[in-house]
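None of the figures in this text is laboratory data; all of them are computed from the coordinates on show. Since the model is a prediction, treat every value here as computed from it, not as a measurement. So basically every Cβ, Gly included, is an ideal-geometry build from the backbone, and we count neighbours across all protein chains shown.
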Amino acid sequence: MLLIDKYAYMNKLASVHPLEKMTFSLGLLLLSLIVRDELISLITFIVMSAFIILGAKIPFQYYAKLLLLPGFFLLSSLLSILISIAPNSSNLPAHFWAFSLSNWTFFIGNESLITAQQLFFSVLGSISCLYFLILTTSVQSICHVLRQWHLPALFVELVELTYRFIFIFLNSMQKIHLAQQSRLGYQSPIQWLRSISMLIAALFAEMFQRSRELNNAMQARGGESVYWQDSVCYSKKNWFGIVLIFLFLVLYGGYFS
């Protein structure tokens, strides 16, 4: 079991109704993306991080590692937005920093700086909302709520099967890799390349066979998988807190806009 999946089942907010957690996280996610206000995104990040660390009791070190995962993609996006290149002869727009090299000028424009700042805080708030959902709610509970929302059954089934095949894929890869290591299959660069190619081919064949067996099993059961979902009651206190947070952010954003 992946650690992130373990926390989804064993956190302190696991007993909260999944609809409440999905409404809270997805609602704040949409609000942060629609409003695109840096302070609201920062407040969203702080609130979500507090619920993850203090409410769900997720270790701070693990949460910080998860935040570093999308950091590379965010950093590369920010660099491409911030740094602009123009010939030395051209008139530069209003800029914060400039550096000339040969016949070209590298500069950071004021508008680019504002755009990168908005993107940074917006992504930060969005990531915290998604991490709150996946760290406190199991995929089984998420799919149960998606069925309640009357989303297409095919879409829900694909979500469940894709998530299930992640574990099958990782388990098969670890077994094959361990078997190759025991036979000294990674001693030299040539052996490493040969072992990796055999690993990929074996995984493709096994995943194809597993998917065909799963498809046959689902057709034998009527074409739809059935999952057990624990009965969880709604909490008026939780709904009141969700509405209160939403009203605060909406009124705050309208007051300072």
Of the peptides 4-11, 51-58, how do they stack up when ordered by the mean number of other Cβ atoms within 10 Å, highest first? 51-58, 4-11
Between residue 95 and residues 5 or more places away or on another chain, which pairs have amide H atoms under 5 Å apart, with H built 1.01 Å from N, and which residues are they? 110
Neighbour-count ranking for 72, 165, 132 (other C-beta within 10 angstrom, fewest to most) reads 72, 165, 132
Alpha-carbon centroid distance for the pair the range 83-108 / the range 168-215, whole angstrom: 50 Å
Listed residues 27, 163, 104: farthest to the positive end of the dipole of the chain (Cβ charges): 163
Rounded to the nearest 20 debye, what is the charge dipole size of the range 148-226 about its Cα centre when +1 sits on each Lys and Arg Cβ and -1 on each Asp and Glu Cβ? 340 debye
Whole-Å distance linking the alpha carbon centroid of the range 62-82 with that of the range 1-39 is 20 Å
Mind checking which aspartates and glutamates have their Cα closer than 20 Å to the Cα of residue 237? Skip sequence neighbours fewer than 8 apart in that chain. 20
Within the chain: Cβ-based charge dipole about Cα centre, in debye rounded to nearest 20 (Lys, Arg +1; Asp, Glu -1): 660 debye
Projected area, mean over directions - the range 148-226, Cα convex hull, nm²: 6.5 nm²
Sum up the charges of everything whose Cβ sits under 14 Å from the Cβ of residue 133, counting Lys and Arg as +1 and Asp and Glu as -1, but leave residue 133 out. -1
Whole-Hz Karplus couplings 3J(HN,Hα) for the range 126-142, θ = phi - 60° and coefficients 6.51, -1.76, 1.60, Gly and Pro as x, run 5, 5, 5, 5, 5, 5, 4, 5, 6, 8, 10, 10, 6, 5, 4, 5, 4
Residue-wise, which Karplus ³J(HN,Hα) couplings in Hz belong to the range 11-24, taking 6.51 cos²θ - 1.76 cosθ + 1.60, θ = phi - 60°, and x for glycine or proline? 7, 6, 9, 5, 7, 6, 4, x, 5, 5, 5, 5, 5, 5
So what is the 222 nm mean residue ellipticity for the chain from helices alone, if each DSSP H run of at least 4 adds -39500 (n - 2.57) and you divide by all residues, rounding to the nearest 500 deg cm²/dmol? -23500 deg cm²/dmol
